[in-house]
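Asks: Below you'll find the structure I mean.
The values are calculated or read from the model by the stated rules, or taken from the named source; none is laboratory data. For clarity, every value in this text was computed on a predicted model and none was experimentally measured. Cβ: placed from backbone, ideal geometry, glycine included. Neighbour counts: every protein chain shown.
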Amino acid sequence: MPTQLRLSLFLFGVMMGYPVLNPVQALQRPNILWITTEDMSPRLGCYGDETVPTPNIDRFAKDGIRYTRAFGVYGTCSPNRHALITGMYPNETGGMAQRVTKRTAALSKITDPKLLAIPVYEATPPAGVKCFSEYLRAAGYYCTNNVKTDYQFATPITAWDESSDEAHWRNRPSKETPFFAVFNFMGTHESRIFEQTSPRVVDPAKVTLPPYYPDRPIMRRDVARHYDNIASLDQFVADRLSELEEARLSDNTIVFFFSDHGDGLPRMKRWVYDSGIRVPLIVRFPDGHRAGTVDGELISFIDFAPTVLSLLDLDIPEYMQGQAFLGSKRGESRNYIYACRDRMDPAPETIRAVRDKRFKYIRNYRPDLPYIGYIPYRDQQEIMQEFHRLIADGALGPDQWQFATTKKPLEELYDTDNDPNEIRNLAGDPQYFEKLAELRQAHEQWNQEVNDLGQMPESEMLKIIWPPLGKQPTTAAPQIAVSANVATITSPTDGASIAYRIGREIKEDTPWKLYSKPFEIDVSEQIEAQAIRLGWKKSKVVRGR
């Protein structure tokens, strides 16, 4: 390739916002594997919970770094996955409410007017924000997702080389191609507690109930079911690690294991208490770096995207709101992590939280509402139906006050060392006024920094993310230019990503590639291209040549 063309391609890649690597650099970079699970707090042997055997995960932890203070930014999946894929807080992009792109019940079955009134839209980050996997693809990585997305916007075809239940790093074009792969285990999801879905392993009589649960047979049964599902997860993790071993890739792959939020049980999932946002996180390096160590630093999901880029020595975009906790661009240790709760199905809510290593501060912006709102999906659980009966009968004890109360305090403060279940609110105790003031100030400063859109009705928020009328814009069609057998594709829409595919005959199953720089094309080949800006409607597909 002529020197002048090579320089032009480099500069174009920089303009597109993507790192540009030569093939040698790409080969020197490690693979990264994410093994994720759903709806699970750190209920594992390596975290001190011996209720169910998890020998494979425990063995993995001995070879890696076990983090003890890792947190989601929400107590539910969709906003957390939005934060993971973009590196931005959902309450700044319109991604706050649970699953904004569709109603959680099947559309054909909805009759409830409250559900029918919920607006359906897409979270819309600022122009130029991309799924972080695009930066890896542009750097030569083969990126696969098996299989959940749920990012609060339509998954762009630029995000993954593959995103399906068949997606696998084994499908990369050559053994020399580095990969970033995600495998998600659904078996621990909240819905898998609705009925027995895994072999019975745990005796309900032997589980330990949290103090905010009354000791009832249904409570024990459903907690035991959750542990049974965790036993199945342990085998899933073993299988993913064995695949690496069999392919002789363990020596060149960094492996993450984590959950998307806390347990899928009442007063856990959806809540900003540690039961809802604290997750297991283990990272294993191929060279045994810090193997067997325990790290108590504060880690947030907002830090994951910049951390992956840092591990691969790629530039971290300025718009990302987290900081790398590993790699060449590792930031300073955090003082705080932040968490939120917003509307869940038809149940309105606005809660914000800030936590240091010991204390949790919570601001309830809707103290007029009870903690237990109307959430039809959650209420399918028999354990939740039992709670509703106990609430109606006035049969809950003092440690279950968060279920029974019809209103919330304006502020909450908990000492998570001495009260890990966050039951004893210290906000009114003069002994803790100094800590209360510190965390209150930290919350208010963060609230201003992120331009929190959760403080307004969603109808008004839509006018901000889709100005001026709150109607979803459409990405402009890309433009294809071919000169001297070099194709250049541009988009008139600021910050849009571009996908393209080429071939003598382009078919429906012809794979889409991420466009990051001009490329050479044979005179006999056709080009199709599409532009996508996150949160907008994708452009029409255009054809060149």
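Asks: State all residues of the stretch 478-514 that are closer than 19 Å to P126 by Cα and of a type in the set (G, A, S); if no residue qualifies, say none.
Replies: Scanning the stretch 478-514 gives S491, G495, A496, S497.
Asks: Moving on to the next point. Quick check, is R440 outside any helix (DSSP H, G or I), among the basic types (K, R) and either surrounded by 14 or more Cβ atoms within 10 Å (Cβ to Cβ) or in contact (Cβ under 8 Å) with a residue 12 or more places away in the chain (or both)? Talk me through it step by step, then tell me what you get.
Replies: Values: outside any helix (DSSP H, G or I): no; among the basic types (K, R): yes; either surrounded by 14 or more Cβ atoms within 10 Å (Cβ to Cβ) or in contact (Cβ under 8 Å) with a residue 12 or more places away in the chain (or both): yes.
So R440 fails the test.
Asks: Separate question: Could we say that A324 is within 19 Å of E92 (Cα to Cα) and of a type in the set (G, A, S) here?
Replies: No.
Asks: Hey, among the residues in the stretch 488-510 that are closer than 11 Å to A529 by Cα and of a type in the set (A, V, I, L, M), which one's surrounded by the fewest Cβ atoms within 10 Å (Cβ to Cβ)?
Replies: I502
Asks: With the requirement that a residue be within 30 Å of A97 (Cα to Cα) and in contact with a strand residue (DSSP E or B) (Cβ under 9 Å, 6 or more places away or on another chain), what does the stretch 271-295 give you?
Replies: Taking the stretch 271-295 and keeping what is within 30 Å of A97 (Cα to Cα), we get 271-283.
The answer is W271, V272, Y273, D274, G276, I277, R278, V279, P280, L281, I282, V283.
Asks: I need the full set of residues from the stretch 22-42 which are out of contact with any Ser or Thr (no Cβ under 7 Å at 6 or more places or on another chain), at pLDDT 50 or above and in a loop (DSSP other than H, G, I, E, B), in order please.
Replies: Passing the criteria: Q28, R29, P42.
Asks: Here's something else I'd like to know. Which of the residues belonging to the stretch 79-95 are surrounded by 24 or more Cβ atoms within 10 Å (Cβ to Cβ) and in a helix (DSSP H, G or I)?
Replies: P79, N80, R81, H82, A83, L84, I85, T86, P90, N91, T93
Asks: In addition: Looking only at the stretch 96-103, decide whether some residue is of a type in the set (K, R), touching an Asp or Glu at 6+ places or on another chain (Cβ under 9 Å), within 18 Å of M320 (Cβ to Cβ) and not in a strand (DSSP E or B). Even if it seems obvious, please write down each step before you answer.
Replies: Step one: of the stretch 96-103, the residues of a type in the set (K, R) are 99, 102-103.
Restricting the remaining residues to those that are touching an Asp or Glu at 6+ places or on another chain (Cβ under 9 Å) gives 99, 103.
Applying the additional criterion that residues be within 18 Å of M320 (Cβ to Cβ) yields none.
No, the stretch 96-103 contains no residue that is of a type in the set (K, R), touching an Asp or Glu at 6+ places or on another chain (Cβ under 9 Å), within 18 Å of M320 (Cβ to Cβ) and not in a strand (DSSP E or B).
Asks: Suppose the filter is at pLDDT 95 or above and surrounded by fewer than 18 Cβ atoms within 10 Å (Cβ to Cβ); does Q479 pass it? First the steps, then the outcome.
Replies: Details: at pLDDT 95 or above: yes; surrounded by fewer than 18 Cβ atoms within 10 Å (Cβ to Cβ): yes.
Taking the combined requirement at face value, the residue satisfies it.
Asks: List pairs: first residue in the stretch 28-46 and farther than 11 Å from F179 by Cα and in the same structural domain as G276 (by TED's automatic domain parsing), second residue part of a loop (DSSP other than H, G, I, E, B) and among the basic types (K, R) anywhere in the structure, Cβ distance under 7 angstrom, at least six positions apart or on different chains.
Replies: Short answer, once both residue conditions are applied: D39/K269.
Asks: Being surrounded by 12 or more Cβ atoms within 10 Å (Cβ to Cβ) and of a type in the set (S, T, Y) is the filter; apply it to the stretch 511-529 and report the residue that is farthest from S539 (Cα to Cα).
Replies: S516
Asks: Okay, moving on. Taking the condition of being buried (at least 23 other Cβ atoms within 10 Å of the Cβ) and either farther than 25 Å from W466 by Cβ or under 15 Å from the mean Cα position of the chain (by Cα) (or both), how many residues in the stretch 146-163 meet it?
Replies: The total comes to 6.
Asks: Also, I was wondering about something else. Yes or no: the stretch 245-255 includes at least one residue that is more than 29 Å from E195 (Cα to Cα), in contact (Cβ under 8 Å) with a residue 40 or more places away in the chain and part of a helix (DSSP H, G or I).
Replies: yes
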